[in-house]
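Student: Could you have a look at this structure, given as structure tokens, before my questions?
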């Protein structure tokens, strides 16, 4: 599995830093939805699903967390802890997020609106779909 990080250029001076997210420049798709997670409890795991067509970019804008990514053939564990780096998650990748730091704010940009029909929430079904 090829894990792709997007490098996000920070601009700043003594007043602080700023990162602009721009469709077609540093985000490889049209952004139709943005959401973020915070105040995730100690020991909590999130995700446990894949998407049939949705693509996403995850950015730890504060703190850190880990992702377990699984394409049905290979599992990779990655850590997000840099607001200047986005993790591109393609469709048909099972994801689980865990090990959230107490201050973690995880922002996710998606290429489409929420659609429950796009989710694969059962791991055995996911494996059957990607190995068929």
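Student: Anything in region 76-89 that is part of a loop (DSSP other than H, G, I, E, B) and surrounded by fewer than 17 Cβ atoms within 10 Å (Cβ to Cβ)? List them, or say none. Break it down into steps so the answer makes sense when it comes.
Tutor: Residues of region 76-89 part of a loop (DSSP other than H, G, I, E, B): 81-84.
Matches in region 76-89: 81, 82, 84.
Student: Let me ask you something else. Taking region 55-75, which residues are within 14 Å of residue 1 (Cβ to Cβ) and assigned to a strand (DSSP E or B)? Steps first, answer last, please.
Tutor: Within region 55-75, the subset within 14 Å of residue 1 (Cβ to Cβ) is 67-75.
Within region 55-75, 67, 68, 69, 70, 75 qualify.
Student: Related question: For region 98-132, name all the residues that are assigned to a strand (DSSP E or B) and surrounded by fewer than 17 Cβ atoms within 10 Å (Cβ to Cβ).
Tutor: Those that are assigned to a strand (DSSP E or B) and surrounded by fewer than 17 Cβ atoms within 10 Å (Cβ to Cβ): 98, 119.
Student: Looking at this structure, is residue 95 surrounded by fewer than 16 Cβ atoms within 10 Å (Cβ to Cβ) and either assigned to a strand (DSSP E or B) or in contact with a helix residue (DSSP H, G or I) (Cβ under 7 Å, 6 or more places away or on another chain) (or both)?
Tutor: Here the answer is no, as residue 95 does not meet what is asked.
Read-outs: derived from the displayed coordinates by stated rules, not from any lab. Keep in mind the model is a prediction, meaning the values are calculated, not measured. Ideal geometry is used to build each Cβ from the backbone, glycine not excepted, and the neighbour counts take in all protein chains shown.
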